[in-house]
Every structure is written in structure tokens, then in C-alpha cells.
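Where a number appears in this text, it was derived from the coordinates with a stated rule and is not lab data. Source: prediction; values computed, not measured. A quick note on method: Cβ atoms are made from the backbone with ideal geometry, for glycine too, and the neighbour counts reach across all protein chains shown.
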Amino acid sequence: MARTISAFIDRSGNKQWGDGVARSQKLREGLYIIEFEQPLSNYPVVTATVFGSEWQTFNLSAAVVDVSPHHVVYVTSSPDHPQDCGTMVIIVGE
């Protein structure tokens, strides 16, 4: 059965709201990890989207760089360097 984990992670790496997230953390500028409350039985599908005012985020992107049944790692960046940014994350797995 599919399980959905969702969260809003602020630019400091703190979970502001969400379900299924045990811990979130900023590892370094623009690099974040989300650990799940309960491991999934397979590798999930992940979507991460930058969140913030248009004037602050129009040139930023989010990319998932590592995924496992226990955690997800993603990076937020401008075109030329990592940059801290709030993100909305949806993780779907079994």
C-alpha cells in the first residue's frame, strides 16, 4: 500500500509542518536531509519544490541527490551555487 510523506522544510533545515518526518536537517548551504519516522519497504518517488516569495525564488531550483527507504537528500541552488531555501517535499513509497 502506498504511503505519502509530506513536509515543509524551512531554509534552516527545520520541519515546519508535515507527516512522516522523524528529523530534518541542513547539512551545509543548500543541502538538506529528511529522515522518515518509519522506513519504507522500497525506494520512494520524491518531489522537492522551492518555496518562498517570487522575488526570492524565481531563479532557484531543487534537486533530489540521494534517496533510500530511510531518508532523502536534496539540494537547493541558484544557477551557479548552492543556496538555502525553504522547500515543500512530497515522498511516495510503500
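Odds and ends about this structure:
- Extension gain, residue 2 to residue 78: 0.36 nm times the residue separation minus the Cα-Cα distance gives 24.1 nm.
- CD proxy at 222 nm, helix term only [per DSSP H run n ≥ 4: -39500 (n - 2.57); per residue of the chain; nearest 500]: -500 deg cm²/dmol
- Summarising the label geometry, the points placed 7 Å from Cα in the beta-carbon direction at residue 58 and residue 35 lie 3.9 nm from one another.
- When Cα Rg over 2.2 N^0.38 Å is computed from the coordinates, the matching label among (i) 1.09; (ii) 1.14; (iii) 1.02 is (iii).
- Mean sequence separation of contacting Cα pairs (under 8 Å, at least six apart), scaled by the length of the range 3-93, corresponds to a relative contact order of 36 percent.
- By other beta-carbon atoms within 10 Å, ranking 43, 32, 74 with the fewest at the front produces 43, 74, 32.
- Estimated vicinal HN-Hα couplings, Hz - the range 57-68 in sequence order (Karplus 6.51, -1.76, 1.60; Gly, Pro = x): 10, 4, 10, 9, 9, 10, 9, 7, 10, 7, 9, 8
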